[in-house]
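Structure first, commentary second.
The values are calculated or read from the model by the stated rules, or taken from the named source; none is laboratory data. Remember, predicted model here, so these are calculated numbers, not experimental data. Positions of Cβ are generated from backbone atoms using ideal geometry, with glycine treated the same way; all protein chains shown enter the neighbour counts. In case anyone asks, the SASA skips ligands and DNA or RNA and just uses the protein heavy atoms, side chains included. Shrake-Rupley method; radii C 1.70, N 1.55, O 1.52, S 1.80 Å.
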Amino acid sequence: MTVVAMWCRHEGDNLIGIGNIITWRVQSDAEHFLEVVRGQTVVCGRKTYESLPNRTIEQSKIYVMTSDAMYEVADASFHQVISGQRALADVEEDIYVAGGAEIYQLFMTGKERLKPQIVVDCVYSGAVSELEGARIDISGSVAVMEKNYRRISPFYCQDGVSSAIWVRKGEFVEQSVLKRIVAVLEKGAEIRW
């Protein structure tokens, strides 16, 4: 099993949203995200789940992590509510961690078996809309990545987003997972080292 964390953060402040809203819209980044996680097992928090188009990802099993055991998912045959990482103990397929901030932090610092071996770090350098609400950042997760992971890829740059792949130091990483992610990130991107 390979665990992959994938996020898009704002350059300089590691912001991923304000309130329940991502404060930028980059179509190519959204398409890359959906293509990487399509058909995979995805773990996300309730707010991230609710931000997905129609609260689903095509062909994906989704675990929605929330403390609300009565939370209703859009598709009970493919989506499941879980209260913590313990519910994933027997999962053998690859897991894609899709946010939000608390979920990223839990996986980046939590149980060894569920720490991501791969982080897809997408950094948006454009303007951020000023909105009312709590600013949500992933500085803690980025600090863990910078300390415990190494960048193994060039930067894949497109529409103001620079994406790179980081691998946890000392980890063997399933090459087929890496190749699939790279193939998605390369589409239409300018490659910079």
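Amide H to amide H distances under 5 Å link Gly100 with Gly45, Thr48, where only residues 5 or more positions off or on other chains count and H is placed in the peptide plane.
Amide H contacts under 5 Å for Thr2: Asp94, Ile95, restricted to partners 5 or more places along the chain or on a different chain, H placed in the peptide plane at 1.01 Å from N. Surface composition of region 1-80: carbon plus sulfur atoms hold 47% of the accessible area, using a 1.4 angstrom probe and ignoring ligands, DNA and RNA.
Of all the options Glu92, Glu11, Glu132, the one that moves most in a Gaussian network model of the chain with Cα springs shorter than 10 angstrom is Glu132. Net charge dipole, the chain: roughly 520 debye, given to the nearest 20, about the Cα centre with Cβ charges of +1 for Lys and Arg and -1 for Asp and Glu. Accessible surface computed residue by residue for region 66-141, with neighbouring protein chains in place and a 1.4 Å probe, gives 54 Å² per residue. Phi angles of region 82-91 translate, via the Karplus equation with coefficients 6.51, -1.76, 1.60 and θ = phi - 60°, into HN-Hα couplings of 10, 9, x, 5, 3, 5, 9, 4, 9, 6 Hz per residue; Gly and Pro are given as x. The residue list Val91, Val123, Val184 was ranked by how far each Cα lies along the charge dipole of the chain toward its positive end, using unit charges on Cβ atoms, and Val91 comes out on top.
Largest accessible area first, the listed residues Trp166, Trp7, Trp193 line up as Trp193, Trp166, Trp7 when surface is computed with a 1.4 Å probe on the assembled protein chains.
Rolling a 1.4 Å probe over the protein heavy atoms of region 127-169, with every protein chain left in place, gives an accessible area that is 49 percent carbon and sulfur. Set against the 2.2 N^0.38 Å expectation for a compact globular protein, region 116-173 has a Cα radius of gyration ratio of 1.32. Phi angles across region 157-174 convert, under the Karplus curve 6.51 cos²θ - 1.76 cosθ + 1.60 with θ = phi - 60°, into 3J(HN,Hα) values of 10, 7, 6, x, 10, 10, 10, 9, 9, 10, 10, 4, 4, x, 9, 8, 10, 4 Hz, Gly and Pro given as x. Applying a 4.7 Å Cβ-Cβ cutoff to the chain leaves Cys44, Cys157 as cysteine residues with no disulfide-compatible partner. Each principal axis of the Cα cloud of region 45-193 was evaluated for its coordinate range; sorted largest first, these ranges are 47, 41, 29 Å. Modelled label positions at Ser67 and Glu190, each set 7 Å beyond Cα in the direction of Cβ, lie 4.6 nm from each other. Excluding the sites themselves, what is the longest stretch of the chain that contains no trypsin sites (Lys or Arg not before Pro) in a DSSP loop with at most 15 other C-beta atoms within 10 Å? Between the exposed loop sites, the longest stretch runs 39-110. The percentage of C-alpha pairs in region 82-128 whose separation is greater than 18 Å is 34%. If the segment from Glu171 to Glu92 were pulled out straight at 0.36 nm per residue, it would be longer than the present Cα-Cα gap by 26.7 nm.
The accessible-area ordering, largest first, of the residues Ile136, Ile95 stands as Ile136, Ile95, per a 1.4 angstrom probe. Taken over region 12-118, the convex hull of the Cα atoms encloses 122 Å³ per residue. Among the listed pairs Lys47/Lys169; Lys61/Lys147; Lys47/Lys187; Lys111/Lys187; Lys47/Lys179; Lys115/Lys179, those with a Cα-Cα distance over 27 Å are Lys47/Lys169; Lys61/Lys147; Lys47/Lys187; Lys111/Lys187; Lys47/Lys179.
The spread of Cα positions in region 1-62, taken along each principal axis and listed from longest to shortest, comes to 32, 25, 21 Å.
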